[in-house]
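For reference, the structure is listed below as structure tokens.
Laboratory data are not the source of any read-out in this text; all were calculated from the coordinates shown. Predicted, not measured: the structure shown is a model, and the values here were computed from it. Ideal geometry is used to build each Cβ from the backbone, glycine not excepted, and the neighbour counts take in all protein chains shown.
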Amino acid sequence: MPCYRCQRRQDDPARGASPWKRGVLAGEQVLICPECQRGRDWTAELDRCASCGSSALVRTLGETICRSCGTSGTPTGSRSSARAPHESTSPEQGALAEQVRAALDRVLRRDRP
Ligand SMILES: [Zn+2]
Ligand SMILES: [Zn+2]
């Protein structure tokens, strides 16, 4: 399996600790080569465990298993699912929304005959 970023192939077949990292991206098992890990938060792009937030995930038998806490199931590929459906609006946000609405109102009215 090549590196999912640069498509480089693992050329060192030696057993033991590999500098290549495994992860899950959009529900697919991927490998990241040492070059692409360097100097960046490479885990930020990967799927994360819905329970513990770890990116140490593996795909097994069509399931994503967290190697940190052992949770299996659908990964957080859709990040929006982690958010509460109804977020409470703070007073500041409410005021801002009111201003935007008023501004929109003015613009819309201006266009009317
Ligand atoms: Zn790479
Ligand atoms: Zn976990």
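Which order do peptides 95-103, 44-52 fall in by mean Cβ count within 10 Å, highest first?
Working: 95-103: 10.4, 44-52: 17.4.
Top to bottom by mean Cβ count within 10 Å: 44-52, 95-103.
Counting residues in segment 1-69 as N, plug N into 2.2 N^0.38 Å and put the Cα Rg over that result. Walk me through the numbers on the way to the answer.
Numbers: Rg = 12.0 Å, N = 69, 2.2 N^0.38 = 11.0 Å.
With N residues counted in segment 1-69, Rg over 2.2 N^0.38 Å equals 1.09.
Sorting check: for 26-34, 2-10, which peptide has the highest mean count of neighbouring beta carbons within 10 Å, and how do the rest follow?
Details: 26-34: 16.4, 2-10: 13.9.
In decreasing order of mean packing, 26-34, 2-10 become 26-34, 2-10.
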